[in-house]
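Comments concern the structure below.
The values are calculated or read from the model by the stated rules, or taken from the named source; none is laboratory data. Bear in mind that the values here come from a model prediction, so they are computed numbers and not experimental data. Here the Cβ positions follow ideal geometry from the backbone for every residue, glycine too, while neighbour counts run over all protein chains shown. What goes into the accessible areas is simple: the full protein's heavy atoms, side chains included, and nothing from ligands, DNA or RNA. Shrake-Rupley method; radii C 1.70, N 1.55, O 1.52, S 1.80 Å.
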Amino acid sequence: MIRDLVTLAARLPDGTLPPPGYYLFSEKDSVRVEVHLHRDGRLSVRAHTGTDAPHLPLPENGRTSGNNARLIADRAKVVRPGPHALHADYRAQLQRALDGPHLQDPEVRRAVTDLLAAAQDGRLDAALTPVNPGERDWVSFTTTLGGVRQHLVTHPDVQRAWMTLLGEDLSATTPGGAVRHGECASCGQWTALAKRSAVKIALNPAELAPLTSRNQSAFLSGETDPDRASIALCLPCTDTATRTLNWLLRTAPHHQYLHVAHRGGQGDTGSSRTLRAVSWLTGAQGAADLPDLLAFITGPDDQQGGAPPVALPPSAADLQRLWDIPGRRAAPDAVSSLGAQDFHLLLLSPIKGHIIVRSHHTLTLDALVDALRAYQDRVAQPVLGEPGPPRLASQRDMVDAALRQRTGARVSREDPHAGLIRAGLLRHAYLGSPPPQGLLLPALHAFHAALRDPDRGLRARLHLHALACALTLYRSDMDTAATTAGRLLAVIERLQQDSQRRQYGRASDHTVATRTITAAAARPSHVLGQLIPLATRAYLPRARHHQGRFAELSDALLTLGLPERLTPHQQAEFSLGYYAELHALNARRSPTSPAPTEPATQEESA
């Protein structure tokens, strides 16, 4: 994964990522105080209180307790003297940069020398006193370079000096204190190993709040203790991978909250049950339709909030443009095509100031598209009462429908298994791995409960459609005895309703299917063994339609054998058979056929 992130960074346009060792904080952490270093040694201070504050990438060291200050730009509590030792570390960092070889520009060296002198003799603190910045306000320093006022932290000499200081501070060491060398698992060079990453990880794209270590032993590499050993990495690879991951987590087409855990009614993006998906192409940028394809499979970002719109999901015809991504297949004489580029899928969760990498998968874009097309062909189901081709519910709708009651609430977010089920669904669609077993039983129970609900509005039918799509993940063959038994139950239900319309002028919403669907799916021989004689004796004589279909399915079931008991997977096939037959019966029903109006005879009423 680290190597793949480093490879992606090399392909990004210049300026996409912050400089090495730098981090782009949120706008609320913009530079609030600018101190200009004049050639004659004077200091002029400017405070920013509004949107005019410079929003710059700033030096970062992943500070935990015991670390040194940043170089030049830092928080006010570090730049100004205080009761702690941070200001002494700040002056020491300036001296180390001056002692090193990187400050080649004479104007930059002069400015850093003047800054160190002002920090030592108290002039810097005196200049900041009238402004009185808060302890966490960022203070940056500018000087005139080539006639232009420039922040020192943006100069290449300062950036190179900062990476050198980080390399000295963050190197893994032996028990004797010597720098530990080894082969970097990413670049393969024999070099000094980094103890941890210098740059933090931003998990919340809305706030850009960095996730930082809460102890000094985090992000270790090059360890010899088997209980603490981790991958051996050099600082440049660690830093590059971290900055690239931050960019992916902040760029909308590349990241998505699959599940957000809730605590006390509020979303908790720092919970280990929160799950985020990150995806990218190793090769050329420009697969403009790729984000649409991914969002279609998974559903909208779980962080968006609000109830999903009541609208029909897309059909296979609507999605044809996604499978035909421009540039995915190149001309025969082309060196490579977009489809040959590697597609990466990364699942992350935060926990206690760290990041859990749940899984990392790599496959070609062509393989991904083929897998998603097969997934679509398998899972797509018709929506009851809607003509046209089958439609595919998003994975978010499947999980929401299975794990919540239809009470108007969006989803039961506190379900501890929702995130794991979403991850399993994603791997099933993208990689062809088995579907998550934790979804089967909740989807079955919710499907049967939805059938017992007399509401057949569009929202209710979309809810039922999402559950049917979820159940298709577990079916084996639509011609099994379980499927035929489910189809027969739907026909018996329709015969009952036809008989009631002829006898009473209307049909009841409480049918034999709504009363027995759960029992019939579990023990079809017991339930259908009673319903088939009942339909033959009570419904067929009065029904006007479906007698032929009833006879056809009854004969087929006699040939296949009426199952005694069904496993949960077979119950899913039974339920899907019922759903498919119900849709077929609705499609065959003529909307112009009048309802029976003749009065029932005394014998029929009896």
Heavy-atom accessible area per residue of region 465-525, all protein chains kept, 1.4 Å probe, expressed in Å², is 32 Å²
Run the quick spin-label model on Val148 and Arg109: label points 7 Å from Cα toward the beta carbon, then report their separation in nm to one decimal.
2.3 nm
Region 475-588, accessible surface, carbon-and-sulfur percent (1.4 angstrom probe)
51 percent
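Run the dipole for region 475-588 about the Cα centre, Lys and Arg Cβ at +1, Asp and Glu Cβ at -1, nothing else charged, and hand back the magnitude in debye, nearest 20.
Numbers: 14 positive and 10 negative charges, 111 e Å.
Around 540 debye, computed over region 475-588.
Looking at region 20-169, what % of its DSSP beta bridges pair antiparallel, to the nearest 5?
Restricted to region 20-169, the bridges split so that about 70 percent are antiparallel.
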How about region 17-84: which trypsin sites (Lys or Arg not before Pro) there are in a DSSP loop, with at most 13 other Cβ atoms within 10 Å of their Cβ?
Arg39, Arg42
Ranked by how many other beta carbons lie within 10 Å on average, peptides 489-497, 576-584, 551-559 from highest:
489-497, 576-584, 551-559
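Using a ≥ b ≥ c from the Cα gyration tensor of region 475-588 (square roots of the eigenvalues), is it rounded, prolate or oblate, where a/c under 1.5 gives rounded and otherwise the larger of a/b and b/c decides, a/b for prolate? If you can, show how the numbers build up before the last one.
Details: a/c = 1.71, a/b = 1.69, b/c = 1.02.
It is prolate, given that a/c is not under 1.5 and a/b is the larger ratio.
Which percent of the accessible heavy-atom area of region 20-169 goes to carbon and sulfur, probe 1.4 angstrom?
Working: 3280 of 6400 Å².
Here carbon and sulfur together make up 51 percent of the probe-accessible area.
Reported to two decimal places, what Rg/Rh ratio describes region 20-169 when computed on Cα atoms with Rh from the Kirkwood expression?
Numbers: Rg = 14.0 Å, Rh = 15.3 Å.
Rg divided by Rh gives 0.92.
Keeping all protein chains in place, calculate the accessible area per residue for region 20-169 (probe 1.4 angstrom), answer in Å².
Details: 6400 Å² over 150 residues.
About 43 Å² of surface per residue is accessible.
Identify the trypsin sites (Lys or Arg not before Pro) of region 136-205 meeting these criteria: DSSP loop state and at most 16 other C-beta atoms within 10 Å of the C-beta.
Numbers: sites: Arg136, Arg149, Arg160, Arg180, Lys195, Arg196, Lys200; in loops: Arg136, Arg180, Lys195, Arg196, Lys200.
For trypsin sites (Lys or Arg not before Pro) across region 136-205 that sit outside H, G, I, E and B with at most 16 neighbouring Cβ atoms in 10 Å, the list reads Arg136.
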